[in-house]
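A short write-up of the structure that comes next.
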Amino acid sequence: MNHEESYFDGGLFQLIGYSILGTLITTATLGICLPWAYCMIYNGRSSTLS
């Protein structure tokens with residue numbers, strides 16, 4: 001079985017930025033956009049993993 005190594009090539013500031021943006025959007029919409037914020041954060045995390 002061939003195992004590939006995975007690594008994180010994103011920055012800490014990018015992750016913090018997604019988290020802050022998600023929090024602001026969720027707060028501004030009184031929680032209506034919470035699922036969208038979760039998707040945005042996790043998509044940002046998964047796009048930086050290789």
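Throughout, read-outs are computed from the coordinates displayed, never taken from laboratory work. Since we're looking at a predicted model, the values are computed, not measured.
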(request) Calculate, in nm to one decimal, what Arg45 and Ile16 gain on full extension: separation in residues at 0.36 nm each, minus their alpha carbon distance. (result) 9.4 nm
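Pulled fully out, how much extra length does the chain show between Tyr38 and Leu24, if you take 0.36 nm times their separation in residues and subtract their Cα-Cα distance? Walk me through the numbers before you get to the answer.
On the way: separation 14, 0.36 × 14 = 5.04 nm, distance 1.23 nm.
Fully extending the segment from Tyr38 to Leu24 adds 3.8 nm.
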